[in-house]
1. Find, to one decimal place in angstroms, the Kirkwood hydrodynamic radius of the chain, where the mean of 1/r is taken over every pair of different Cα atoms and then inverted.
2. So for the chain: antiparallel DSSP bridges make up what percent, rounded to the nearest 5?
3. To test your reading of the geometry: what angle, between 0 and 90 degrees and rounded to tens, separates the Cα axis of helix 39-51 from the longest principal axis of the chain?
4. When a footprinting reagent is the concern and you count Cβ atoms within 10 Å, what order do 22, 162 take, fewest first?
5. Using the count of nearby Cβ atoms within 10 Å as a rough guide to exposure, how do 163, 101 rank from fewest to most?
6. Averaging over every viewing direction, what projected area does the convex hull of the Cα atoms of the range 22-109 cover, in nm²?
């Protein structure tokens, strides 16, 4: 089951929120994939993760990049525009409306979107609706099982759970009900 979390950025940019989330992921001993939309954004985030703090960086590689190009399976964080997951990461970060169609192999999928950009909010709403529809369909299948479908239905569980998080005034996260 994938825990799909939508993070509504209202105080910070993706470049500021993502490193903090990745640091926490790495501190838990997990690996992550960051999926973005364009080669330019991939390169910009790649450079930012090496330099966002004077005393720290986030070790990573990227698809099509120099760092880790041949060692993706060794990278704790992998940046991509595709669905590749060379290190079998358990956490997926979706930025700026990147493709959300393939997240079932991840334990956590975090969708980050900029609440100050109407197109980003609209895209996030569309993504939320698609994920919710799939979750509701799986839940309905479990609830409507009967004797004829028992052998199949007993193996079906909802594929994912959804939650919505909004940045508060201090830049922290609050889960919405």
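1. Numbers: mean 1/r = 0.0581 Å⁻¹.
This gives a value of 17.2 Å.
2. Details: 4 of 33 bridges.
Taking every DSSP beta bridge within the chain, about 10 percent pair in antiparallel fashion.
3. The answer is roughly 60 degrees.
4. On the way: 22 22, 162 17.
Final ranking by Cβ density, sparse to dense: 162, 22.
5. Working: 163 12, 101 9.
Ascending Cβ contact count within 10 Å gives the list 101, 163.
6. 5.4
Every read-out reported here was derived from the displayed coordinates using simple, explicitly stated rules and does not represent laboratory data. If you're wondering where the values come from, they're calculated on a predicted model, not measured in any experiment. Note: ideal-geometry Cβ built from the backbone for every residue, glycine included; neighbour counts use all protein chains shown.
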